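The values are calculated or read from the model by the stated rules, or taken from the named source; none is laboratory data. Values in this document were obtained by computation on a predicted structure and should not be read as measured data. In this analysis, Cβ positions are derived from the backbone assuming ideal geometry, glycine residues included, and neighbour counts consider all displayed protein chains. We work out accessible area using only protein heavy atoms, side chains counted, and drop any ligands, DNA or RNA first. Shrake-Rupley method; radii C 1.70, N 1.55, O 1.52, S 1.80 Å.
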Amino acid sequence: MTPQQLDATFAALADPTRRAILARLARGEASVNELAHPFAMSQPAISRHLKVLERAGLISRGRDAQRRPCRIDAAPLKEANAWIERYRAIWEGNYARLDALLDDLQTAGAPADQKE
């Protein structure tokens, strides 16, 4: 994944409405009207959110007669997750060292009769 693609994915995910749209599309394809229904915003506003998601590669739109169903494309999410996972090991290592340090400090500060 290029830095620009990763930026587009995270920028698209930064908005709660777009995350909600993706959550809905994770259950199956939906039309713009179906996606707009739970939100207190106009169809053009939802369409703008969909364009951001589409530019990020997170959704695709098909054509079914008059209906243009949207469907989720999980590949960019998988790639963003892989990027995040690289840092998970670092964070877990830092927390493990912190836990060990706290254990050492607690043991060193414990009264002599509790050290065993």
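Stretching Asn33 away from Ala74 to a fully extended chain increases their span by 12.6 nm, per 0.36 nm per residue minus the current alpha-carbon distance.
Listed values for the stretch 31-38 are Karplus-derived 3J(HN,Hα) couplings in whole Hz (6.51 cos²θ - 1.76 cosθ + 1.60, θ = phi - 60°), namely 7, 4, 4, 5, 6, 6, 3, x, and x replaces Gly and Pro.
Rounded to two decimals, the Cα-based Rg/Rh of the stretch 39-79, with Kirkwood Rh, is 1.02.
Remark on the stretch 1-62: ratio of C-alpha radius of gyration to 2.2 N^0.38 Å is 1.08. Using a simple spin-label model with pseudo-atoms 7 Å out from Cα toward Cβ, Ala96 and Arg19 lie 2.9 nm apart. What FRET efficiency would be calculated for the residue pair Asp103, Trp83, taking the C-beta separation as r and a Förster radius of 22 Å, to the nearest 0.05? Approximately 0.10, to the nearest 0.05.
Considering helices alone, the calculated mean residue ellipticity of the chain at 222 nm is -21000 deg cm²/dmol, with DSSP H runs of length four and up weighted by -39500 (n - 2.57) and normalised per residue.
FRET efficiency for the Leu6 to Ala110 pair, using the beta carbon distance and R₀ = 30 Å, is estimated at 0.05. Helices assigned as whole DSSP H runs in the chain whose Cα atoms extend at least 30 Å along their own long axis and whose mean Kyte-Doolittle hydropathy is -0.5 or higher are found at 75-109. Taking every protein chain into account, the accessible area of the chain amounts to 70 square angstrom per residue (probe 1.4 Å). Largest GNM mean-square fluctuation across Arg61, Arg86, Arg18, computed for the chain with C-alpha springs under 10 Å, falls on Arg86. Apolar share of the accessible surface for the chain: 54 percent from carbon plus sulfur atoms, 1.4 Å probe. Note on the chain: with a GNM built from Cα contacts shorter than 10 Å, the maximum mean-square fluctuation among Asp73, Asp64, Asp15 falls on Asp64.
Its residue count N sets the reference 2.2 N^0.38 Å, and the alpha-carbon radius of gyration of the chain equals 1.69 times that reference.
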